[in-house]
Amino acid sequence: MPTVAEEAPRLDRFSLPDAAGHFGGYGGVFVPETLMTALQELAAAYEVARKDPVFLAELRHHLKEFAGRPTPLYFAERLTQHCGGAKIYLKREDLLHTGAHKINNALAQALLAKRMGKKRIIAETGAGQHGVATAAACAKFGLECVVYMGAHDMERQALNVFRMRLMGAEVRGVEAGQKTLKEAINEAMRDWVTNVRSTHYILGTAYGSHPYPMMVRDFHRVIGQEAKEQILACEGRLPDELIACVGGGSNAIGLFFEFLEDAGVKMTGVEAGGHGIKRGEHAARFAGGRLGVLQGCKTFLLQDAEGQIELTHSVSAGLDYAAVGPEHAFYRDRGRIDFAYATDDEVLETFQLCSRLEGIIPALESTHALVHAIKRAKVLSKDKVIIVNLSGRGDKDVQQVAALLGSAK
Ligand SMILES: *Cc1c(COP(=O)(O)O)cnc(C)c1O
């Protein structure tokens, strides 16, 4: 067998995906015929927009004025002291308008939809963060907005449901199956098939059929671009490690992409370990999954012997999904991105630790990255530097955590 080095003398992050959306053996387009035209139309429109200085300038303007970019790269001094090793920096995506990195992509896709003459937007949401970001972008641009959300997630994230409705979005609860993100995506796809002429589907993560994984990645690249500039300014060198949580993979690839060719920078994606790696108890696709196709994309996913999608569990709704973005699967094979997982218990402990030490309440999703960062900081020497993507704020999670901690006592 050829070694990775022989196969790929140089890793060119810009050569991916190919024109059909493949990241090596992952990605692609797996949709009913009725959606092919819509995806092709979208890919063509995006191909023009991504090179159009007018579109890019307008997007930059909205990211600054509406979303609040650039976000700080914050030295977590007390968390660093607590660990006694490597310096921990937090990329503060939690400070963005609507509370998470999701607004980068939602704003950009809404702008693209406007350009394409689409007046109606649909979206799926898990934790509700993508729904809230999409509702905000639609309100801003005067677009009609329908958000599909699993009924179980609507309970877990009732506050976000209210926020979406306040901003004028219609939230449609989905009662099928496990009543979480996967079912919400099914409903959104069904809607899109029916209303494809008037409607753009703002998918919320670096997942699905081409061009979504590429497009959503591109819209989050700003995270890594800023972080690189910021760490060079304050440390005078590149970081040793980057750590980000991975649901579909958008905040992680957003941070990582700019560093992929910097061989000295180690990158780790952290998945949801839930109650541990047992069937139906977690969402760590790389720990318990294998190759398959789900919702338009070929990638690593959690499935049984017959290929049926397994149940997933995580304390964080935003990481609770059976499949992972294709670009992550590709770079994992190459040994360029490593993967770890954090369990619910570890996350609940670190959620409190970060709040107490830093005065920053992290989203439960982002806390997965923090759990791993703390483990790494403890074993690395003090001259090492870690950047953690703090993908969102935890205000949406406090009620749930209060209930969990209450019942543990
Ligand atoms: C949605 C969400 C995630 C997970 O999605 P990715 O596409 O993997 O980034 C992580 N953190 C927060 C705060 C989220 O809202």
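Which of 83, 245, 145 has the fewest other C-beta atoms within 10 Å, and how do the rest follow up to the most?
83, 145, 245
Amide H neighbours of residue 22 under 5 Å, counting only residues 5+ apart in sequence or on other chains, H built in-plane at 1.01 Å?
28
Order these by the 10 Å Cβ neighbour count, fewest first: 74, 26.
Values: 74 18, 26 25.
By the 10 Å Cβ count, ascending, the order reads 74, 26.
Testing the spin-label approximation: label points 7 Å from Cα along Cα→Cβ at residue 193 and residue 77. State their distance in nm.
Each label point is offset 7 Å from its Cα along the Cβ direction, giving 5.7 nm.
Order these peptides, 35-47, 117-129, by their mean beta-carbon neighbour count within 10 angstrom, highest first.
Put in order of decreasing packing, that is 117-129, 35-47.
What whole-number distance in Å separates the alpha-carbon centres of the range 327-387 and the range 290-304?
25 Å
Treat each spin label as a single point 7 Å out from the Cα along the C-beta direction, and report the residue 225 to residue 381 distance in nm.
3.6 nm
Tell me the mean residue ellipticity at 222 nm calculated for the chain from its helices only (DSSP H runs of n ≥ 4, each -39500 (n - 2.57), averaged over every residue, nearest 500).
Calculated at 222 nm, the ellipticity per residue is -13500 deg cm²/dmol.
With 10 angstrom as the radius, rank 91, 378 by how many other C-beta atoms surround their C-beta, starting from the fewest. Intermediate results must be reported in sequence, preceding the final value.
Values: 91 30, 378 12.
In order of increasing Cβ crowding within 10 Å: 378, 91.
Looking only at Cβ-Cβ distances, which cysteines of the chain have no other cysteine closer than 4.7 Å?
Those would be 83, 234, 245, 297, 354, since no other cysteine Cβ in the chain comes under 4.7 Å of theirs.
What dipole magnitude, in Debye to the nearest 20, does the range 26-122 give about its Cα centre under +1 on Lys/Arg Cβ and -1 on Asp/Glu Cβ?
Charge dipole, the range 26-122, about its Cα centre: 240 debye, nearest 20.
Express in whole angstrom the spacing between the alpha-carbon centres of the range 32-51 and the range 133-161.
What the calculation gives is 24 Å, centre to centre.
What are the lysines whose alpha-carbon lies under 25 Å from the alpha-carbon of residue 87, with same-chain residues fewer than 8 places away excluded?
List returned: 228, 266, 375, 378, 382, 384.
Laboratory data are not the source of any read-out in this text; all were calculated from the coordinates shown. Since the structure is predicted, the reported quantities are computational estimates derived from the model, not experimental observations. Backbone-built Cβ (ideal geometry, glycine too); neighbour counts: all protein chains shown.
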